[in-house]
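Report on the structure given below.
The values are calculated or read from the model by the stated rules, or taken from the named source; none is laboratory data. In this text the structure is predicted, and so the values were computed from the model without any measurement. Note that we place each Cβ from the backbone using ideal geometry, even for glycine, and neighbour counts take in every protein chain shown.
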Amino acid sequence: MSNEKHHIVPFKVYILVLIALLALTFASIGIVSIELGKYTVAAALIFATIKSFLVLTYFMHLKYDKPYIKAMVGFVFAIFFVVIIITFLDYLYRA
Amino acid sequence: MENTLHQEHEHYDAEASKIGMWLFIFTELLLFGGLFIVYSVYRFLNPEAFHLAAEELNTTIGAINTVILLVSSMTIAMSTSTLQMRKKGATLFLLGVTVVLGLVFLVNKYFEWGAKFEHGIWPGSEHLKTAFSQGEILFFGLYYVMTGLHALHIIIGLIIIFFAIHRVNRGTVNENRAALLENAGLYWHLVDLIWIFLFPLFYLIH
């Protein structure tokens with residue numbers, strides 16, 4: 001049966017994750033105000049990706065889920081990433 | 001013989017509920033993912049116009065809303081822990097805080113959109129069509145569609161949390177039957193996840 005008690009995440013973990021998320025938010029606001037040219041978008045997106053990883057892992061409990069659920073989520077995000085890459089391979093190399 | 005003696009058991013399977021919720025989240029990713037691809041292609045084709053149009057957006061109000069959503073994500077995550085610890089009062093309190101934060105987010109959004117409307121910027125407005133370039137019109141179109149769709153998700157999330165509050169209060173959602181609250185949490189985190197990408201893409205173009 002799958003109704004057994006699952007892992008109770010202590011408040012401390014959630015508070016630490018929130019602090020990390022807030023720090024990354026302000027870091028991304030800070031980094032885009034520096035002139036990085038075309039790397040600005042990349043920097044902002046890298047910060048957003050780290051933040052989404054934290055939300056998925058701790059807030060959405062993937063860390064405590066069974067491996068097949070992690071694999072499912074990872075697979076879907078990987079496919080989305082591949083679609084973006086293919087779209088830009090098209091746009092970047094159009095004559 | 002034995003079967004007739006058995007009482008009707010309501011079917012409950014927490015793991016199946018969770019998989020169902022994740023499958024639903026994948027369809028949401030398809031919806032927003034498509035919009036993010038449209039955004040990235042148009043931005044690639046109109047870099048200057050997106051840059052210019054984004055100046056109209058208020059980074060401060062965007063940052064405040066980011067903080068609000070992150071904190072509300074934490075409070076709903078905490079409420080799933082308190083439910084497991086059988087602290088009903090704390091669970092209801094944390095869910096209440098989540099609802100209030102969600103409402104504050106919507107109020108901020110109302111003022112933010114209101115300011116744009118005052119400047120004559122809304123989809124199809126005369127000012128937008130005459131004073132802005134094609135790329136800027138695309139930016140504002142995407143801005144209204146994506147943040148609007150996101151706000152709609154906030155409203156739906158709040159309705160789901162209201163149901164969770166009601167059921168936790170009645171005791172039909174408890175430490176042994178937590179799926180509704182867990183799934184409400186997953187949905188709310190998804191809304192947070194989408195905002196994590198909307199914020200830098202619309203408000204942080206400098």
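Of note:
- Comparison of B:GLU28, B:GLU15, B:GLU48, B:GLU8 shows that the only residue that is at pLDDT below 95, among the acidic types (Asp, Glu), within 24 Å of the chain's Cα centre (by Cα) and at negative phi is B:GLU15.
So that you can scan it fast, the table gives a plain yes or no per residue for (1) touching a Gly at 6+ places or on another chain (Cβ under 9 Å); (2) surrounded by fewer than 15 Cβ atoms within 10 Å (Cβ to Cβ); (3) within 11 Å of another protein chain (Cβ to nearest Cβ); (4) within 18 Å of B:ALA164 (Cβ to Cβ):
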{"residue": "B:TYR12", "(1), (2), (3), (4)": "no, yes, yes, yes"}
{"residue": "B:PHE24", "(1), (2), (3), (4)": "no, yes, no, yes"}
{"residue": "B:GLU55", "(1), (2), (3), (4)": "no, yes, no, no"}
{"residue": "B:ILE76", "(1), (2), (3), (4)": "yes, no, yes, yes"}
{"residue": "B:ARG86", "(1), (2), (3), (4)": "no, yes, yes, yes"}
{"residue": "B:GLY96", "(1), (2), (3), (4)": "no, yes, no, yes"}
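- Out of A:ILE84, A:ILE29, sole residue that is crowded, with 17+ Cβ neighbours inside 10 Å and facing chain B (nearest Cβ under 7 Å): A:ILE29
- Residues (among the aliphatic types (A, V, I, L, M), part of a helix (DSSP H, G or I) and touching a residue at least 60 places away in the same chain (Cβ under 8 Å)) located in region B:28-67: B:LEU31, B:LEU35, B:VAL38, B:LEU45, B:ALA49, B:LEU52, B:ALA53, B:ALA54, B:ALA63
- Of all the criteria given as (1) modelled with pLDDT under 95; (2) farther than 25 Å from B:MET21 by Cβ; (3) touching a helix residue (DSSP H, G or I) at 6+ places or on another chain (Cβ under 9 Å); (4) at the interface with chain B (Cβ under 7 Å from one of its Cβ atoms), the one not satisfied by A:ASN3 is (2).
- Yes/no for B:THR80 being within 20 Å of the chain's Cα centre (by Cα) and either modelled with pLDDT under 95 or at the interface with chain A (Cβ under 10 Å from one of its Cβ atoms) (or both): yes
- Filtered residues of region B:169-188 (kept if buried (at least 21 other Cβ atoms within 10 Å of the Cβ) and over 17 Å from the mean Cα position of the chain (by Cα)): B:VAL173, B:ALA178
- Checking each residue in region A:17-55 for being modelled with pLDDT of 95 or more and among the charged types (D, E, K, R) picks out only A:LYS51.
- Yes/no for B:LEU23 being within 21 Å of B:ALA151 (Cα to Cα) and aliphatic (A, V, I, L, M): no
- Residue count for region A:7-34, restricted to those that are assigned to a helix (DSSP H, G or I), more than 30 Å from B:ASN176 (Cα to Cα) and not aromatic (Phe, Trp, Tyr): 14
- Residues that are within 17 Å of the chain's Cα centre (by Cα), more than 9 Å from chain B (Cβ to nearest Cβ) and not β-branched (Val, Ile, Thr), drawn from region A:6-23: A:LEU16, A:ALA20, A:ALA23
- If you go through region B:66-118 and keep only what is of a type in the set (Phe, Trp, Tyr) and over 20 Å from B:LEU181 (Cβ atoms), you end up with B:PHE105, B:TYR110, B:PHE111, B:TRP113, B:PHE117.
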